[in-house]
Amino acid sequence: MQVQSFNTVRRVIFGGGALQGIGDEIKRLGGSRVLVVTDPGIKAAGIVDKITAVLAQAELPHHVFADVEPDPRVEVVSQSVAVAKEFNPDIVVGLGGGSALDISKVTAVMLTNDGKVEDYFGMEMVPKPGLPLVLVPTTAGTGSEMTSICVLSDTKNDVKKGVVSEHMYARVALLDPELTVGL
């Protein structure tokens, strides 16, 4: 028998209404300023309002970056990091499908590592852990909330590239099936 290993996120919370506990999870991780990374569709669907209401109730200052696109370009990372640096979060929450979750992961590590995202294309190139990360999927299928990879579109070279790092595992994956209703 071949020896194998399996790595994934540290904590998975699941069940209808699980989103209501995100404030407690953020505080458990030591978070006090939250950057929420998502996309325009999730914002238009009112799901961002659900999470920001819970964050406000938990008295957690937050800012929303809602400009993630499908198959996100490298440039989206630069935009999310610039917004994050202006807000100065100590935790990142990804909300949405695979693209939003991927941008959340790479944003969290780019806030604690120097250079450009292109410096980290490949396997285990990210030297330091990122900010704590909570991922909240709103779709079923990509599984991005459980992986340590971010896939980006490199439009200069017309290819997709990945950043793979143990530092991009979420500290918490929060799975609330109520967020998928109507999507």
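The values are calculated or read from the model by the stated rules, or taken from the named source; none is laboratory data. Treat the numbers as computed from the prediction; the structure is a model and nothing was measured. Using ideal geometry, Cβ is built from the backbone for each residue, glycine included, and neighbour counts are taken over all protein chains shown. These area figures cover heavy atoms from the full protein model, side chains too; ligands, DNA and RNA do not enter into them. Shrake-Rupley method; radii C 1.70, N 1.55, O 1.52, S 1.80 Å.
Points worth noting:
- Along principal axes, Cα extents of region 116-183, largest first, whole Å: 38, 28, 15
- Here the simple spin-label model places points 7 Å from the Cα toward Cβ, and for Gln4 and Lys161 these points are separated by 3.1 nm.
- Accessible carbon and sulfur surface of the chain relative to its total accessible area, %, 1.4 Å: 51 percent
- Antiparallel bridges, percent of DSSP beta bridges restricted to the chain (to nearest 5): 20 percent
- Inverse mean reciprocal Cα-Cα distance (Kirkwood Rh) of the chain, Å: 16.2 Å
- DSSP-loop GluC sites (Glu not before Pro) across region 67-131, with at most 15 other Cβ within 10 angstrom: Glu124
- The mean accessible area for residues of region 28-140, using a 1.4 Å probe and ignoring ligands and nucleic acids, is 41 Å² per residue.
- About the Cα centre, charge dipole magnitude for region 5-97 (Lys/Arg +1, Asp/Glu -1 at Cβ), debye: 340 debye
- On the principal axes of its alpha-carbon atoms, region 26-91 has extents of 32, 26, 17 Å, going from largest to smallest.
- Largest-first ordering by accessible area, 1.4 Å probe, given options Val134, Val3: Val3, Val134
- Within region 129-183, DSSP assigns beta bridges of which about 75% are antiparallel (rounded to the nearest 5).
- Ser5 accessible area, 1.4 Å probe, all protein chains in place, Å² to nearest 10: 110 Å²
- Computed about its Cα centre, the charge dipole of the chain is approximately 320 debye, with only Lys, Arg, Asp and Glu carrying charge at their Cβ.
- Our helix-only sum for the chain, with -39,500 (n - 2.57) per DSSP H run of n ≥ 4 divided by its residues, gives a mean residue ellipticity at 222 nm of -8000 deg cm²/dmol.
- Structure note, pairs Lys85/Lys128; Lys128/Lys160; Lys43/Lys156: Cα-Cα distances above 21 angstrom occur for Lys128/Lys160; Lys43/Lys156.
- Whichever aspartates and glutamates have a C-alpha closer than 17 Å to that of Lys161, once near sequence neighbours (fewer than 8 apart) are set aside: Glu69, Asp71, Glu75, Asp102, Glu118, Asp119, Glu124
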